[in-house]
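The structure under discussion appears below in the form of structure tokens.
The values are calculated or read from the model by the stated rules, or taken from the named source; none is laboratory data. Source: prediction; values computed, not measured. Glycine also receives a Cβ, built like all others from the backbone with ideal geometry; neighbour counts cover every protein chain displayed.
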Amino acid sequence: MKLLCLTTNGLQKNSRYLYEMALVKQYTLFIFLLFQCIVYGQVGCTDPLAQNFDPSANTNDGSCLYGQTIISSELLIDPMPMSLFEQSGMIKFNDRLWIHLDSGNGEKLFTWDIENEQIDQELNLQNMTNIDWEDIAQDETHIYIGDFGNNAGNRTDLRIYKIVKSDLLDSEPQEIEPQIIEFSYPEQTDFTDQTLAHDYDCEAMIVRGDDILLFTKQWVTAGTDIY
């Protein structure tokens with residue numbers, strides 16, 4: 001980068017020139033910002049599968065519309081075994097369904113043999129605590145167990161357990177040392193007991209790229225926020 005230094009004499013002799021250059025710079029900056037707004041500010045529906053897909057849009061404004069869709073599902077577990085009655089989260093990994101239970105049912109993962117339609121393994125995870133496990137998610141290398149159930153709205157120990165998948169396939173997976181991801185909601189300031197009367201419960205999560213997306217359960221407004 002080059003720096004242009006002008007003396008006070010130079011400024012006096014070239015004041016008209018500098019004034020015109022300043023105007024040129026201002027107009028150039030205005031045109032540049034306008035172009036940026038046009039390029040980066042085109043909002044609309046960015047989903048090609050939507051009925052109102054806008055190929056020129058680069059920011060999704062939530063306006064996408066979809067037609068009615070009928071999907072046929074396959075029944076995998078029927079009836080549900082009583083040992084899985086309190087199941088709260090499920091993923092498919094390594095040709096098995098991996099299932100965890102809700103609060104009060106210990107730190108366990110069950111694997112369901114899809115082909116033989118039965119539980120083929122029950123893992124006791126000793127280095128974790130099931131205060132209120134609500135969901136399980138995965139990426140290519142890890143699974144994530146969300147201990148973020150918060151019916152009373154007073155928890156200050158919300159966490160997600162991150163487990164290496166290959167560790168679950170070892171002969172003694174109960175010795176797994178998970179990574180613990182702790183979090184809190186930036187808007188929450190009141191941690192008194194407000195059972196079923198607050199907006200800081202969480203029921204679901206997904207992993208997308210480097211992000212963990214949390215879906216809240218809002219008892220007061222009957223909506224959801226995504227963190």
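Please find, among Leu65, Leu109, the residue that is out of contact with any helix residue (DSSP H, G or I) (no Cβ under 6 Å at 6 or more places or on another chain), surrounded by 17 or more Cβ atoms within 10 Å (Cβ to Cβ) and at pLDDT 90 or above.
Among Leu65, Leu109, only Leu109 is out of contact with any helix residue (DSSP H, G or I) (no Cβ under 6 Å at 6 or more places or on another chain), surrounded by 17 or more Cβ atoms within 10 Å (Cβ to Cβ) and at pLDDT 90 or above.
Restricting attention to segment 123-162, and to residues there that are part of a strand (DSSP E or B) and at pLDDT below 95, which single residue is farthest from Leu109 (Cα to Cα)?
Asn124
Identify all residues within segment 164-223 that are in a loop (DSSP other than H, G, I, E, B) and either of a type in the set (Asp, Glu) or in contact with a Cys (Cβ under 6 Å, 6 or more places away or on another chain) (or both); write none if there are none.
Selection gives Asp170, Glu172, Glu177, Glu187, Asp190, Asp193, Asp199, Asp210.
Tally time: how many residues in segment 67-98 are part of a strand (DSSP E or B) and without any contact (Cβ under 8 Å) to a residue 24 or more places away in the chain?
Final tally of qualifying residues: 3.
Specify the residue that is farthest from Ile99 (Cα to Cα); the eligible residues are those in segment 158-183 that are exposed (fewer than 13 other Cβ atoms within 10 Å of the Cβ) and of a type outside the set (A, V, I, L, M).
The extreme case among them is Glu182.
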